[in-house]
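Peer 1: Questions regarding the structure given below will be posed in turn.
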Amino acid sequence: SNKRINAQNFGFDRKPLAIFSNNIDGMSQNFDPLLAKLSLLHNQFDILAITETNINETHKNLYAIPGYTSTFSSKYPNKHKGSGLGIYVNESFTGNVINELTIISPDIETLFMEISYQGQNFNFGVVYRPPSGNLKHFNQQIEKVLNVLSNKEINNHSIVCGDFNINLFKNDLNKSKFENILFGNCFLPTISLPTHEKPGCDSSCIDNILVSDVNNVVGSGLLTDIKVSHHYPTVCFYDIIDTNNEGNED
C-alpha cells in the first residue's frame, strides 16, 4: 500500500528489504538534521539513497553513517548545487558499482550497484534528472539503463530510486513518455503521493522508487515526519527473498 508512514512504527511479520530515498538538497546543510531524525527510528533502513548531495566523492568520509558503507558519485564538474549521488548500504551486505550503468552528465546522473543480501543478488540504483537538462537526452539514457536491467540474467530484482523531475500528477506528454519507458521495460513506480511541496508551487510527484516486480512490494509511501528539504523521503519495503526456494518451517 502507498501511504504516509509514521516513522516511529513500520513493522512486518517478515523482514523485507527497507529502502529510503531522499533529495537532501545539499549534504553540508541537511546531513546532520537527517541523521538526527533517522536516529530516532525504532527500525533501521537497509539502504539509503541520496540525490543532490552537492559534494564530490572525495568528501564522502565527512558524511559517514555508523553501520553503513557508502558509495558516492561526484557532482557534475563546476556545478555547485543540484548534483551528486550517494548510496548507503547496511554493512552486513556486500555490493559493487555497476560501471556500465553509472552516468554523470548535464542531463542525467545515475549510480548503480549490484548488492548481495541473504544469498540474493539484486540491482539497486539512484537517479537524478537535473530540471535544466535536456529531457529528450534523459529519456534516451534512462531507457538504455532500464533496458539493461530488464535483460540482466543474473537476477530479476531491480530497484531504482530518485528524483526524476517528471511530475506524475500532470497528464502531459512528458509524463506519458516517461511512463511508456518504465512500462516498456517492466518497471512500475511505487509512489503516487505528493513528494515535493514548496511555498508558491503546486505539490508534485517527482520522486519515486521504481521496481521490476511490484508483487514483491510489501509497502511503500512517504515519511512525512522526516523532512529536511522540500522533498519528502520516499520509502519502499521489498521482499527480496525468493519464497519459492525456502524450506518449510516447523
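Peer 1: Given just the C-alpha atoms of region 34-183, how large is their convex hull per residue in cubic angstrom? Mind showing how you got there, number by number?
Peer 2: Numbers: hull volume 20.0 nm³, N = 150.
Normalising the Cα hull of region 34-183 by residue number yields 133 Å³.
Peer 1: May I pose another question? Give me the dipole magnitude in Debye, nearest 20, for the chain about the Cα centre, with unit charges on the beta carbon: positive for Lys and Arg, negative for Asp and Glu.
Peer 2: Values: 18 positive and 26 negative charges, 173 e Å.
Dipole of the chain, to the nearest 20 debye: 840 debye.
Peer 1: Using θ = phi - 60° and the Karplus curve 6.51 cos²θ - 1.76 cosθ + 1.60, what whole-Hz ³J(HN,Hα) does each residue of region 44-57 get, with Gly and Pro shown as x?
Peer 2: Coupling constants for region 44-57: 10, 6, 7, 9, 10, 10, 10, 10, 6, 5, 6, 10, 8, 4 Hz.
Peer 1: Once you've got the Cα coordinates, tell me which of Lys60/Lys227; Lys15/Lys136; Lys15/Lys75; Lys37/Lys175; Lys15/Lys198 are over 30 Å apart.
Peer 2: Details: Lys60/Lys227 22 Å; Lys15/Lys136 39 Å; Lys15/Lys75 34 Å; Lys37/Lys175 33 Å; Lys15/Lys198 34 Å.
Going by Cα-Cα distance, Lys15/Lys136; Lys15/Lys75; Lys37/Lys175; Lys15/Lys198 fall outside the 30 Å limit.
Peer 1: For region 23-84, what mean projected area does the convex hull of the alpha carbons give, in nm²? It would help to have the intermediate numbers written out before the result.
Peer 2: Values: hull surface 16.6 nm².
The number I arrive at for region 23-84 is 4.2 nm².
Peer 1: How long are the semi-axes of the ellipsoid equivalent to region 98-207, from square roots of 5 times the Cα gyration tensor eigenvalues, in whole Å, largest first?
Peer 2: Details: eigenvalues 124, 47, 37 Å².
Taking √(5λ) for each eigenvalue gives 25, 15, 14 Å, largest first.
Peer 1: When a/c reaches 1.5 or more, the comparison of a/b and b/c decides; with that in mind, is the chain rounded, prolate or oblate per its Cα gyration tensor?
Peer 2: Working: a/c = 1.29, a/b = 1.16, b/c = 1.12.
Rounded, because the longest to shortest axis ratio a/c is under 1.5.
Peer 1: Continuing with the same structure: Taking the dipole about the Cα centre of the chain, with the C-beta of Lys and Arg at +1 and of Asp and Glu at -1, give me whichever of Tyr238, Pro199, Asn90 is farthest to the positive side.
Peer 2: Of the options given, the answer is Pro199.
Peer 1: Continuing with the same structure: Residue separation times 0.36 nm, minus the C-alpha to C-alpha distance between Lys177 and Lys15: what's the value? Intermediate results must be reported in sequence, preceding the final value.
Peer 2: On the way: separation 162, 0.36 × 162 = 58.32 nm, distance 3.52 nm.
Additional length available on full extension: 54.8 nm.
Peer 1: OK, next. Within region 76-94, find all residues whose amide N lies under 12 Å from a label point positioned 7 Å from the Cα of Gln44 along Cα-to-beta-carbon.
Peer 2: Label zone hits: 89-93.
Peer 1: Thr195: net charge of surrounding residues, Cβ under 10 Å, Lys/Arg +1, Asp/Glu -1, itself excluded? Don't jump to the answer; show the numbers that get you there.
Peer 2: Details: positive: none; negative: Asp163, Glu197, Asp207.
Surrounding charge for Thr195 is -3.
Peer 1: Students often check this: by mean Cβ neighbours within 10 Å, which of 28-37, 120-129 ranks highest, and how do the rest follow?
Peer 2: Values: 28-37: 15.2, 120-129: 22.8.
For the peptides 28-37, 120-129, the packing ranking is 120-129, 28-37.
Peer 1: Scan around Cys161 for amide H atoms under 5 Å from its own, H built in the peptide plane at 1.01 Å from N, and keep only partners 5 or more places away or cross-chain.
Peer 2: Distant-sequence amide H within range of Cys161: Gly125, Val126, Val127, Leu210.
Peer 1: Pull up all non-local amide H partners of Asp213: gap of 5 or more, or a different chain, and H-to-H distance under 5 Å with H placed in the peptide plane.
Peer 2: Counting only residues 5 or more places away or on other chains, the set is Ser158.
Peer 1: In what sequence, highest mean first, do 76-82, 186-192 appear when ranked by Cβ atoms within 10 angstrom? Please report the intermediate quantities before stating the final value.
Peer 2: On the way: 76-82: 12.7, 186-192: 19.0.
Per-residue mean Cβ counts within 10 Å order the peptides as 186-192, 76-82.
Peer 1: Note the per residue figure in Å³ for the convex hull of the C-alpha positions in region 133-196.
Peer 2: Residue-normalised Cα hull volume stands at 91 Å³.
Peer 1: Same structure, new question: To the nearest 20 debye, what charge dipole does region 140-245 have about its Cα centre, counting +1 at the Cβ of each Lys and Arg and -1 at the Cβ of each Asp and Glu?
Peer 2: Values: 7 positive and 12 negative charges, 52 e Å.
Rounded to the nearest 20 debye, it is 260 debye.
Peer 1: Using helices alone, what [θ] at 222 nm do you get for the chain, with -39,500 (n - 2.57) per DSSP H run of 4 or more residues, divided over all residues and rounded to the nearest 500? Don't skip to the answer; put the middle values down first.
Peer 2: Working: 3 runs with 41 residues, N = 250.
Theoretical 222 nm ellipticity from helices: -5500 deg cm²/dmol.
Every read-out reported here was derived from the displayed coordinates using simple, explicitly stated rules and does not represent laboratory data. Note that the structure is a prediction, hence the values are computed from the model and not measured. All Cβ positions, glycine included, derive from the backbone under ideal geometry; neighbour counts span all protein chains shown.
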